[in-house]
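In what follows, a structure is listed as structure tokens, so that the remarks can point back to it.
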Amino acid sequence: MAVGFGNIRLPAWSLKSRQLVKGIIVASALVAGQAAALAPEHETRRLMLATEEAVTAENWGEASEYLNRLQNLEGEKPADYHYYRGRVMLQSSHFNEAQAALEAYVTKAGAEGSHYQNSLKLITGIERKRKAKAQAPQVGDESRVAVIEPAGDQKMTSLRKLYLADSDREALVLHLNSLLGVAGWRQDQAVVRLDRPADIEYRLSIVSDAISTQEIQRNDSGGVTRKTTQIPVFGVNPQVEWGCEQAVAACWIYDPRDGSRLLQLSPNRSQAEEIAQTLGKLIRNLQAASGS
């Protein structure tokens, strides 16, 4: 059987297929229209309720999906969003992101928040887990270092030429301070002017067999506070951890001794990663017997 359209004759099955496809397209459009019908504030509330139910049921994958959809919505997120994000990140052992999200909840909700006490307990638990991880013996580190050594040597040669340094150690310190000079943390991230110093910035130097870190913090009235910390490098894991969190607009370099926060930087992932890697190379250099 065929159906005619003017001078064109189509098989009946072809016509039915086209009608079916058209019906599916119309139905999809209706569903999409219904999904997009809610205003952002109502959609935020709907997804928050769905996230709460998923976390309560320990459906972590489902909760993560809802949180991702919430993150893409316009407008300010409720305080509980940060709490549930922290719970999901912790379940996935993303300690850095979990702690940052829970701290964002505590800051936003305050002591009156319904999850305030539990958030504080979770943050303490994260610090303990990170400290245990930092102090655990690292299996296979030496073999990994040996594999990347040739590329590392090439880069070190370039760094020595770039900074006109006499040794790898001197080049690494100069490179670290150069990176830190542009990665300082600012309260106002909207406009960054390099001719104005950051609110928090750092300078590193070598004191005997330790790395000396000076934190320079500026307040609104123009006052400056300086705090110095020394990190003895022997027995320290040279795999330096770092992490970033959008909710608080900051990246951190973690202390290789206990996993606590060492450097607070601008929310630039590539800068934070390079600073962590360079700091790790400096630690290895100081740990080496020759230490050139």
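Here, each number is a calculation from the coordinates, and none is a lab measurement. Remember, predicted model here, so these are calculated numbers, not experimental data. Every residue, glycine as well, gets a Cβ built from its backbone with ideal geometry; the counts of neighbours run over all protein chains shown.
Listing for the model above:
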{"item": "Selection of trypsin sites (Lys or Arg not before Pro), the stretch 167-260, meeting DSSP coil and at most 14 other Cβ within 10 Å", "result": "193"}
{"item": "Convex hull (Cα only) mean projected area of the stretch 40-133, reported in nm² to one decimal", "result": "5.7"}
{"item": "Summed side-chain charge close to residue 228 - residues other than residue 228 whose Cβ falls under 10 Å, Lys, Arg +1, Asp, Glu -1", "result": "+2"}
{"item": "Interchain or long-range residues, amide H under 5 Å from residue 206's placed H", "result": "212"}
{"item": "Stretch gain in nm, segment residue 220-residue 166, where the contour uses 0.36 nm per residue and the Cα spacing is subtracted", "result": "15.4 nm"}
{"item": "Where labels lie 7 Å past Cα in the beta-carbon direction, separation of residue 268 and residue 234 in nm", "result": "3.7"}
{"item": "Counted charge near residue 169, where neighbours are those whose Cβ lies closer than 12 Å (Asp, Glu -1; Lys, Arg +1)", "result": "-1"}
{"item": "Charge context of residue 56, other residues only, Cβ under 13 angstrom, K/R +1, D/E -1", "result": "-4"}
{"item": "Within straight-line cross-link reach of residue 227, lysines at Cα separation under 23 Å, skipping those fewer than 8 residues along the same chain", "result": "131"}
